[in-house]
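Take a look at the structure set out below.
The values are calculated or read from the model by the stated rules, or taken from the named source; none is laboratory data. Computed from a predicted model, the values in this text were never measured in an experiment. We place every Cβ from the backbone using ideal geometry, glycine too, and count neighbours over all the protein chains shown. Accessible surface areas use protein heavy atoms only, side chains included; no ligands, DNA or RNA. Shrake-Rupley method; radii C 1.70, N 1.55, O 1.52, S 1.80 Å.
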Amino acid sequence: MQVSGHGNEVLAPANGVRPPGPGTRVRAPLSARRGLTLALATLRVGPAAILVLLVIVLSVLSDVFLSLENIGNVLKQSAVICILALGQLLVVVTRGIDLSVGSNLSLSAVIGALVWRDHGSATLAVLAALVTGTVIGLVNGLLYVKGRLPHPFIATLAMLSAASGLALYLSHSETIQGAPPIVDTIGAGRIAAIPGGGEVGWFPVAAIVVIVVALLLTLVTRGLIWGRWIYAVGGNPEAAVRNGIPVPSVLISVYVVCGFLAAIAALLTMGKGDAGSPTSGALAELDAIAAVIIGGASFLGGRGRVLNALTGALVIAVMRNGLNLLGIDPNWQYMATGAVIVVAVELDVLRGHFERRFRSLQAVSDS
Amino acid sequence: MNAVTGPASVLQVRAACKRFGAVTALDGVTLDVARGEVLALLGDNGAGKSTLIKAISGVHRLDSGSITLDGIDITAANAMAVRAHGVETVYQDLALFDNLDPAANFFAGRELAGPSWLPRPLRVLRHRGMTDRTRELLDRLQVTLPDLEATVALMSGGQRQAVAVARAVAFSSRLVILDEPTAALGLRESARVLDLVRRLKDDGVAVILISHSMDHVMAVADRALVLRRGRAVGETAPTPENHAQLVAWIVGATGSQAI
């Protein structure tokens with residue numbers, strides 16, 4: 001096809017109602033178009049820019065920040081938020097929200113630990129945790145779609161409460177000690193084969209889990225019809241129905257995957273503490289949602305990328321780690337997270353503004 | 001009335017009636033559209049234009065009368081079934097996915113993917129194939145977009161309309177219904193959409209065009225059918241000479257009294 005140099009043409013003039021010739025055409029100033037394109041490109045890397053800025057500032061302020069051991073710690077601490085954020089991302093892309101991932105994590109961990117304590121089978125324990133998380137996701141999806149609850153906020157808020165109550169009940173409000181060795185390895189293990197961390201190594205196994213899940217999710221969301229449908233449903237649910245996309249199934253499926261990923265996060269948490277605690281996931285949903293927002297996903301749906309959600313999760317983890325290293329009161333962490341959310345979303349608002357400018361520029365150069 | 005019949009007629013609507021409670025929205029409307037013909041539907045607000053196209057596209061079901069498409073009776077077919085028979089409707093709100101690029105918009109719900117033994121959601125998208133097909137089609141319709149990879153959100157009103165119309169054409173072998181395709185557009189963008197309508201016609205697609213702009217109707221339509229209070233009150237070629245007559249039918253005056 002013919003792509004004109006500056007893309008001002010919509011339809012090439014043909015017979016009939018003929019637009020004025022090229023000589024009379026009023027074109028938008030090219031500098032304005034280039035400026036906008038540049039601004040949009042810059043804002044698109046916004047989340048990464050925030051992360052890089054944080055890393056630079058912290059490496060100047062703290063000697064140990066860039067040590068391999070500390071980097072390993074950050075990766076290990078951030079793994080749970082990363083996994084939860086990836087699940088949350090899918091839900092947010094479809095204009096939803098899953099408030100239950102923290103409680104889901106707690107309940108899956110408790111059930112996994114109970115099965116391990118009572119039956120001693122690692123396979124059964126892992127399976128029990130994964131099934132728990134997935135079923136919770138399925139129930140969320142069914143409540144929202146089939147139960148016709150007005151918004152996923154309601155279904156998952158109810159689940160937040162119910163799952164956390166069940167976790168406390170089953171565990172008698174106590175931490176269940178012990179976890180299968182394989183779970184301990186993925187949650188707390190370090191890879192000695194990666195040099196720089198002495199005999200024990202510095203690179204956490206949990207980071208490998210995050211990388212594998214992120215790669216899989218990238219392939220699935222970009223490469224499969226299912227992934228395309230998720231973005232279509234988020235972009236325009238009504239049009240998705242009109243185009244024959246099975247919207248109810250797509251919606252249910254994202255809550256199922258989100259629940260499954262919460263269970264993966266539960267395994268990482270169990271491994272980290274060699275235990276299943278009924279409060280281990282408390283408030284984790286807020287971190288997950290914050291990570292997704294900092295990563296530039298839109299609550300209006302249809303927009304959000306795997307890599308950006310990971311970046312958002314890392315921003316939160318790095319900020320916490322940095323404030324710790326600098327000996328700053330831990331309560332500042334929450335205030336800092338709040339500030340970063342506002343900054344990230346303001347950047348997104350700015351991006352929307354530039355996009356509208358760009359669009360009207362297209363129309364101007366068209367007429 | 002001088003309806004076109006015979007083998008060239010793609011769509012035949014016969015004595016279509018539709019009531020909503022006490023309101024008679026369609027009262028015995030009969031129309032024909034031939035292959036490669038642009039039929040303009042004119043009429044004031046509430047004349048029944050929307051009800052008629054919704055009945056044709058399967059959104060509303062007629063109380064009586066019949067609709068046939070190349071001899072197939074689609075009177076009772078629902079929207080999906082009518083689409084499957086090669087009828088596409090471009091509504092005023094366009095129904096585009098702003099967050100997706102033109103190719104993804106074209107193939108939403110009918111993605112090219114494989115292998116076929118996998119359940120449909122798990123099939124691998126053929127990005128290249130979809131982009132190539134999109135490019136081919138836009139080329140054929142002489143639609144030029146600045147960037148085929150850009151999301152539709154970044155396009156102007158005319159470009160978006162072009163994508164919506166092209167998408168309709170891509171999958172409609174028989175009939176395209178355009179509901180006010182130029183309503184939100186500027187002068188030049190309108191001209192380009194009208195050019196696009198002409199090319200549909202050249203491609204042998206039947207087109208039903210709803211427009212409030214008599215200029216646009218005269219520019220592209222072969223025939224104009226005027227609806228008033230649910231009835232077809234007149235039909236003629238939309239030429240400058242017939243302009244006064246068409247307006248008279250629309251407002252309900254007799255020909256000599258108009259204007």
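On inspection, B:VAL193 does not qualify as among the hydrophobic types (A, V, I, L, M, F, W, C), in contact (Cβ under 8 Å) with a residue 60 or more places away in the chain and either at the interface with another protein chain (Cβ under 10 Å from one of its Cβ atoms) or open to solvent by 40 Å² or more (accessible area, probe 1.4 Å) (or both). Of the strands (runs of 3 or more DSSP E) lying entirely inside the range B:1-96, those containing at least 3 residues that are surrounded by fewer than 19 Cβ atoms within 10 Å (Cβ to Cβ) are B:9-20, B:23-34, B:64-69.
Listed here are the residues, each with its yes/no results for (1) assigned to a helix (DSSP H, G or I); (2) more than 10 Å from every other protein chain (Cβ to nearest Cβ); (3) open to solvent by 10 Å² or more (accessible area, probe 1.4 Å); (4) out of contact with any helix residue (DSSP H, G or I) (no Cβ under 8 Å at 6 or more places or on another chain).
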residue: B:ASN105; (1), (2), (3), (4): yes, no, no, no
residue: B:LEU118; (1), (2), (3), (4): no, no, yes, yes
residue: B:ARG128; (1), (2), (3), (4): yes, yes, yes, yes
residue: B:GLU136; (1), (2), (3), (4): yes, no, yes, yes
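Among the residues making up the range B:212-227, those that are open to solvent by less than 10 Å² (accessible area, probe 1.4 Å) and within 22 Å of B:GLY28 (Cα to Cα) are B:ALA224, B:LEU225, B:VAL226, B:LEU227. With the condition kept exactly as written, say whether any residue in the range B:221-234 is among the aliphatic types (A, V, I, L, M) and within 14 Å of another protein chain (Cβ to nearest Cβ). Yes, the conditions are met somewhere in the range B:221-234. If you go through the range A:229-245 and keep only what is in contact with a helix residue (DSSP H, G or I) (Cβ under 7 Å, 6 or more places away or on another chain) and either more than 8 Å from every other protein chain (Cβ to nearest Cβ) or crowded, with 21+ Cβ neighbours inside 10 Å (or both), you end up with A:TRP229, A:ILE230, A:TYR231, A:ALA232, A:VAL233, A:GLY234, A:PRO237, A:ALA240, A:VAL241, A:ILE245.
Within the range B:107-116, restricting attention to residues that are at pLDDT 90 or above and surrounded by fewer than 22 Cβ atoms within 10 Å (Cβ to Cβ), the residue that is farthest from B:VAL176 (Cα to Cα) is B:PRO115.
Counting the residues of the range A:290-319 that are of a type in the set (S, T, N, Q), open to solvent by 30 Å² or more (accessible area, probe 1.4 Å) and within 13 Å of chain B (Cβ to nearest Cβ) gives 0. Among all positions in the range A:76-87, there is at least one residue which is over 16 Å from the mean Cα position of the chain (by Cα) and in contact (Cβ under 8 Å) with a residue 12 or more places away in the chain. When B:PRO181 is tested against (1) closer than 19 Å to B:ALA95 by Cα; (2) touching a His at 6+ places or on another chain (Cβ under 8 Å); (3) in contact (Cβ under 8 Å) with a residue 60 or more places away in the chain, exactly one condition is not met: (2).
Restricting the search to the range A:95-112, which residues are surrounded by fewer than 24 Cβ atoms within 10 Å (Cβ to Cβ) and of a type outside the set (A, V, I, L, M)? Across the range A:95-112, the qualifying residue is only A:ARG95. Filter the range A:195-204 down to the residues that are farther than 15 Å from A:ASN70 by Cα and surrounded by 14 or more Cβ atoms within 10 Å (Cβ to Cβ) and list them by number. Scanning the range A:195-204 gives no hits.
Applying the set (1) within 28 Å of A:LEU307 (Cα to Cα); (2) open to solvent by 70 Å² or more (accessible area, probe 1.4 Å) to A:TYR169 leaves exactly one unmet item: (1).
Checking the structure you have, find out if any residue of the range B:12-29 is within 21 Å of B:LEU200 (Cβ to Cβ), of a type in the set (D, E, K, R) and modelled with pLDDT under 95. Within the range B:12-29 (the criterion being within 21 Å of B:LEU200 (Cβ to Cβ), of a type in the set (D, E, K, R) and modelled with pLDDT under 95), the answer is no, since none of the residues qualifies. Kindly indicate whether any position in the range B:70-80 is of a type in the set (D, E, K, R), in contact with a helix residue (DSSP H, G or I) (Cβ under 9 Å, 6 or more places away or on another chain) and touching a residue at least 12 places away in the same chain (Cβ under 8 Å). No, because not a single residue in the range B:70-80 is of a type in the set (D, E, K, R), in contact with a helix residue (DSSP H, G or I) (Cβ under 9 Å, 6 or more places away or on another chain) and touching a residue at least 12 places away in the same chain (Cβ under 8 Å). The condition (being closer than 18 Å to A:THR132 by Cβ, within 14 Å of chain B (Cβ to nearest Cβ) and in contact (Cβ under 8 Å) with a residue 12 or more places away in the chain) is satisfied by just one residue among A:ILE176, A:ILE252: A:ILE252. Considering every residue within the range A:220-228, establish whether at least one is within 14 Å of another protein chain (Cβ to nearest Cβ), touching a residue at least 40 places away in the same chain (Cβ under 8 Å) and either open to solvent by less than 20 Å² (accessible area, probe 1.4 Å) or under 20 Å from A:LEU310 (Cβ atoms) (or both). Within the range A:220-228 (the criterion being within 14 Å of another protein chain (Cβ to nearest Cβ), touching a residue at least 40 places away in the same chain (Cβ under 8 Å) and either open to solvent by less than 20 Å² (accessible area, probe 1.4 Å) or under 20 Å from A:LEU310 (Cβ atoms) (or both)), the answer is yes, since at least one residue qualifies.
Is it fair to say B:LEU94 is at pLDDT below 90, facing chain A (nearest Cβ under 9 Å) and at positive phi? Spelling it out, B:LEU94 is indeed at pLDDT below 90, facing chain A (nearest Cβ under 9 Å) and at positive phi. Could you tell me whether the range B:163-175 includes any residue that is within 9 Å of chain A (Cβ to nearest Cβ), in contact (Cβ under 8 Å) with a residue 12 or more places away in the chain and open to solvent by 10 Å² or more (accessible area, probe 1.4 Å)? Checking the range B:163-175: not a single residue is within 9 Å of chain A (Cβ to nearest Cβ), in contact (Cβ under 8 Å) with a residue 12 or more places away in the chain and open to solvent by 10 Å² or more (accessible area, probe 1.4 Å).
Is one or more of the residues making up the range A:239-250 in contact with a Leu (Cβ under 6 Å, 6 or more places away or on another chain) and not aromatic (Phe, Trp, Tyr)? No: zero hits. Give B:LYS49, B:LYS54 a once-over and let me know the one that is touching a Gly at 6+ places or on another chain (Cβ under 8 Å) and not aliphatic (A, V, I, L, M). Matching residue, one of B:LYS49, B:LYS54: B:LYS49.
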